[in-house]
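The values are calculated or read from the model by the stated rules, or taken from the named source; none is laboratory data. Here the structure is a predicted model, which means the values were calculated and not measured. Every residue, glycine among them, receives a Cβ derived from its backbone with ideal geometry; neighbour counts consider all protein chains shown. For accessibility, only protein heavy atoms count, side chains too; no ligands or nucleic acids. Shrake-Rupley method; radii C 1.70, N 1.55, O 1.52, S 1.80 Å.
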Amino acid sequence: MIKYALACEQAHEFESWFPSSEAFETQRKRGFVTCPFCNSAKVEKQIMAPSVARTDKAAKAPAPEAQPVTVLSERERELRAALRALREHVMKNAEDVGKGFVEEARKMHYGETEERSIYGEANLAEAKALLEEGIDVLPLPVVPDDRN
Ligand SMILES: [Zn+2]
């Protein structure tokens, strides 16, 4: 871990930890390193004066962990949108067979009925049994917002 003293375009000074100097450069180029005061991504390393008292600055600096949270929530939003899109696609294009899902999936697998996309209900044990028989079942993603 490396601690960098950073400054944004408006000369706000802050400090942050990075796994390596490469990681800092990568995150900075992607705009993930932002000023905690004005949110600017135009951030540069401060020119270090070796023996400046750091205590005040350190007390003002935000917790270093604040940075990755922003990145994760951004990713999570994308992931959630992708899950919702998948779910909507399935529900629009596949046939809802409800509680008959397990039976219908087996019939399709053993060629007793035409192959198509279906969705419905199965409990964990049923889904596991289908997988063991070589039937490719996927849990339909539940998007947290859908419950509202
Ligand atoms: Zn700033």
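For residues that are out of contact with any Asp or Glu (no Cβ under 7 Å at 6 or more places or on another chain) and basic (Lys, Arg), scanning just segment 84-104, find the one that is nearest to LEU138 (Cα to Cα). Steps first, please.
First, the residues of segment 84-104 that are out of contact with any Asp or Glu (no Cβ under 7 Å at 6 or more places or on another chain): 84-96, 100, 103-104.
Retained after the next criterion (residues that are basic (Lys, Arg)): 84, 87, 92.
Numbers: ARG84: 15, ARG87: 11, LYS92: 16 Å.
If we take residues in segment 84-104 being out of contact with any Asp or Glu (no Cβ under 7 Å at 6 or more places or on another chain) and basic (Lys, Arg), then ARG87 is nearest to LEU138 (Cα to Cα).
Under 7 Å by Cβ, and 6 or more places apart or on different chains, what pairs join a residue from segment 105-131 that is assigned by TED's automatic domain parsing to the domain that holds VAL90 with one that is exposed (fewer than 12 other Cβ atoms within 10 Å of the Cβ) and of a type in the set (Lys, Arg)?
Cβ pairs passing all conditions: GLY120/LYS99; GLU121/LYS99.
Among the residues of segment 57-72, are any open to solvent by less than 40 Å² (accessible area, probe 1.4 Å), of a type outside the set (Asp, Glu), away from the ligand (no atom under 16 Å from the Cβ) and at pLDDT below 70?
Within segment 57-72 (the criterion being open to solvent by less than 40 Å² (accessible area, probe 1.4 Å), of a type outside the set (Asp, Glu), away from the ligand (no atom under 16 Å from the Cβ) and at pLDDT below 70), the answer is yes, since at least one residue qualifies.
Please state which one of ARG116, ARG147 is at pLDDT below 90 and open to solvent by 80 Å² or more (accessible area, probe 1.4 Å).
From the options ARG116, ARG147, the qualifying one is ARG147.
Restricting attention to segment 92-113, which residues are exposed (fewer than 15 other Cβ atoms within 10 Å of the Cβ) and in contact with a strand residue (DSSP E or B) (Cβ under 7 Å, 6 or more places away or on another chain)?
Matches in segment 92-113: ALA94, GLU95, ASP96, GLY98, LYS99, GLY100.
Has segment 77-95 got any residue that is within 30 Å of ASN39 (Cβ to Cβ), at pLDDT below 85 and part of a loop (DSSP other than H, G, I, E, B)?
Within segment 77-95, none of the residues are within 30 Å of ASN39 (Cβ to Cβ), at pLDDT below 85 and part of a loop (DSSP other than H, G, I, E, B).
Give the residues of segment 122-143 that are surrounded by 14 or more Cβ atoms within 10 Å (Cβ to Cβ), in a loop (DSSP other than H, G, I, E, B) and of a type outside the set (Gly, Ala, Ser), sorted by residue number. Spell out how you get there, then give the answer.
Here is the first cut: in segment 122-143, the residues surrounded by 14 or more Cβ atoms within 10 Å (Cβ to Cβ) are 122, 126-127, 129-130, 135, 137, 140-141, 143.
Retained after the next criterion (residues that are in a loop (DSSP other than H, G, I, E, B)): 122, 135, 137, 140-141, 143.
Selection gives ILE135, VAL137, LEU140, PRO141, VAL143.
State which residue pairs qualify: first residue at pLDDT below 90 and inside segment 29-50, second residue within 11 Å of the ligand (Cβ to nearest atom) in any location, beta carbons under 8 Å apart, and separation of 6 or more residues or different chains.
GLN46/LEU6; GLN46/ALA7; GLN46/GLU13
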